1. Quick one: helix A:176-204 against the long Cα principal axis of chain A, what's the angle to the nearest 10°, folded into 0 to 90?
2. Distance between Cα centroids, the stretch B:77-127 to the stretch A:160-189: provide it in whole Å.
3. Taking amide H positions as placed in the peptide plane 1.01 Å from N, state which residues far from A:G173 in sequence (5 or more) or on other chains have amide H under 5 Å from it.
4. Summing -39500 (n - 2.57) over the DSSP H runs of n ≥ 4 in chain A and dividing by its residue number, what mean residue ellipticity at 222 nm do you reach, to the nearest 500 deg cm²/dmol?
5. Restrict the search to the stretch A:144-218; then list the GluC sites (Glu not before Pro) that DSSP places in a loop and that have at most 15 other Cβ atoms within 10 Å of their Cβ.
6. Within a 10 angstrom radius of the beta carbon, how do B:D269, B:D301 rank from fewest other beta carbons to most?
7. What list of ³J(HN,Hα) values in whole Hz, one per residue of the stretch B:406-415 in order, does the Karplus curve 6.51 cos²θ - 1.76 cosθ + 1.60 (θ = phi - 60°) give from phi, with Gly and Pro shown as x?
8. Measuring from centroid to centroid over Cα atoms, what is the spacing of the stretch A:1-37 and the stretch B:420-477 in Å?
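Readers should treat all values here as calculations from the given coordinates under stated rules, not as data from a laboratory. Fair warning: this is a prediction, and the values are worked out from it, not measured in the lab. Because the Cβ atoms are built from the backbone with ideal geometry, glycine has one as well, and the counts that use them run over all protein chains shown.
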Amino acid sequence: MIVTAQAINFIAALLLLVAFAMLSQRRIRALVNLFAVQGVLLTASTLLTASGTGQTHLYYSAALTLILKVFVLPLILHRLVRRLQLTGDVEMLINTATTMLVGIVLVIVAFNLALPISEFAGTITRGTLGIALACVLLAFLMMITRRKAVAQVIGFLSMENGLFFAATSITYGMPMVVELGIGLDVLVGTFVFGVFFFRIRETFDSLDIHHLERLRER
Amino acid sequence: MSELAFLLGIPLLGAAALAFRGSQYRAPEMNAILSGLTFLAACALTVRIISIGPRTAMNELFFVDAFNVFLVTLTAFIGFTTALFGTPYMRVERDRGKVGAGAMRLYHSMYQLFTFTMLLALTTNNMGILWVALEGATLATVLLVSLYRTPASLEAAWKYFILCGVGIAQALFGTILLYLAASRAGGTGGEALLWTHLNAAKGQLEPSVVAIAFVFLLVGYGTKVGLAPLHNWLPDAHAEGPTPISAVLSGLLLNVALYAVIRCKVLADGALGTHLAGNLMMGFGLLTVVLSAFFLGRQTDIKRLFAYSSIEHMGFITFAFGMGGAIANFAGLLHMTVHSLTKSAIFFAAGHAAQKAGTQNIDDIRGLVHMSPAVGWGLMIGTLAILGLPPFGVFAAEFMILTTAMREHAWATPFLLVALAVAFAAVFGKVQTMVFGDPSVRPLPHRPAALPVFVHLVIVLILGLYIPAHLAAWYREAASMIG
């Protein structure tokens, strides 16, 4: 039990590290790979939680995570990157050092927010809620600071990863039917994003979101 | 309940069928027929629920009571009339070359899928599935908002996607917290997230966790309701998409998102025993009403104008449900009904008006009433109704909300009254010049669909003059459930 909890805490720490790596990563391809690594870590932590607590439905949820977040979504994203020929660096709105500092502040905020909730939860993994929330906030920060639409989408998907991790850590995952539904939404969402990218590319000849800042109140 | 199977099955299968055949010449009629059948199923379900009372179905996966069956009927009805309106509207768009065959297929298929997600969100008993359905609704409509592929429409769709996506991610965290509270209160497995179970055990839920959960749920679903300050996506999405989509976004999506908030409020009220949830809703509602009223005057686009008016009304309704109590809830439900009916009627008229003028710019639309009396008067009467003039139903609802506010929260009434006055001055002046004046509009190749406009407006008029006894009883029952 103790060993499992320790192992899960270790994986959680790695997740936080990956979240920071994503925040500082400028290349889209590497970003997709980091997203896949996040999926691997999520699968591992879900499997450990499942074996440590005997919650059998978590095995299914780990399998779902493995298929969707390690194979299918990164594959789709890599294909998109290839088809759209997105090479080169993503321009950032704020320089990396500042972004990292803001990220550290967000982690502290997340731990403070998580404290009362995780005290109430009765799971062996409750200590990791702070990291889960930090991943959500860091993904959110990534969405704000990137200029490319694809990077924003990866931020969006990794935010969902953070929420998934939060659900596993405080309630041993959502009911199966809900997890399937969320998985379906994420998958459909990625397809919709894909179609959408081609539309943006067709109209603007680039995926830079500064083209998408014309509509405002006059 | 076989009615429920039909209600959800028809739009789902229809979406699949129209994905293949949606570009045929008769596809708009097929879309309307499917929506009509869905409406019939909704009517049958309503009759059944009125006679046998609240029911769960399919292993408690679905739950239908007086509150959601009323919204199911309203949703299916507006889905049907909008499909009728969309028939000539989309033909004109295709004849003008604004949409191709692929886009028509996408439009019809996604229209049915959107209807399905709305009905699923309303009838599901599982708070997690409610979230999944609302996210699905965003996904179904995001490609429709960018259907014309203009730079502005792509931007609107992107904003809609990102804002609603981030918003609804917060609602997911709220749902996780709700599940945490429920499982700590003794709920087991998948059943802990069923609304009926949560409602039965709401007294035992840990107040501090439910309070945090409700804040996340309110902000998350509130983004989709269009509550300030997260309302930015709404005017853009309404203005840049095809008009039938504007009509269903205003008439259906906002209502269903608010429905989700109200279901959560019932749980929060039971768990907290305080008025925190109501106070939060009142605050957000009031901010929304005031903010949107002052934006109304600055609009130059006819669809943006009425999108801001939708935001204002949703704020009003949220405020009403925030106050709570029998009269305010009754008024809130009535306001939801009449707002959806009136606003979709206005979008029908405004859509045809914009097509006739070839622009959505208010300054370039003149003299509608001379070229097409049905569209002109439809827009004028709809505007008078939405601005809350007697004898229309919106007046009755707003009157009840205002009198309740005066009695219970007198401090809020000046804000509401000023906002109403500002909105009236802003909208009426703009619409008057569009309807009357020297004509600048030309006739259309297809006859405009005037019938849905006037059917909606007549219902709103009747609801303002007199609410049939059994309908009033039904509203009262739903209002008492909300508490």
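1. 10
2. 29
3. A:T168
4. Details: 8 runs with 163 residues, N = 218.
Helices in chain A give a 222 nm mean residue ellipticity of -26000 deg cm²/dmol.
5. Numbers: sites: A:E160, A:E179, A:E202, A:E213, A:E217; in loops: A:E213, A:E217.
Listed in order of number, the matching sites are A:E213, A:E217.
6. Details: B:D269 20, B:D301 17.
Placing the least packed residue first, the sequence is B:D301, B:D269.
7. With the stated coefficients, the stretch B:406-415 comes to 4, 6, 9, 9, 4, 4, 7, 4, x, 4 Hz.
8. Each part reduced to its Cα centre gives a spacing of 55 Å.
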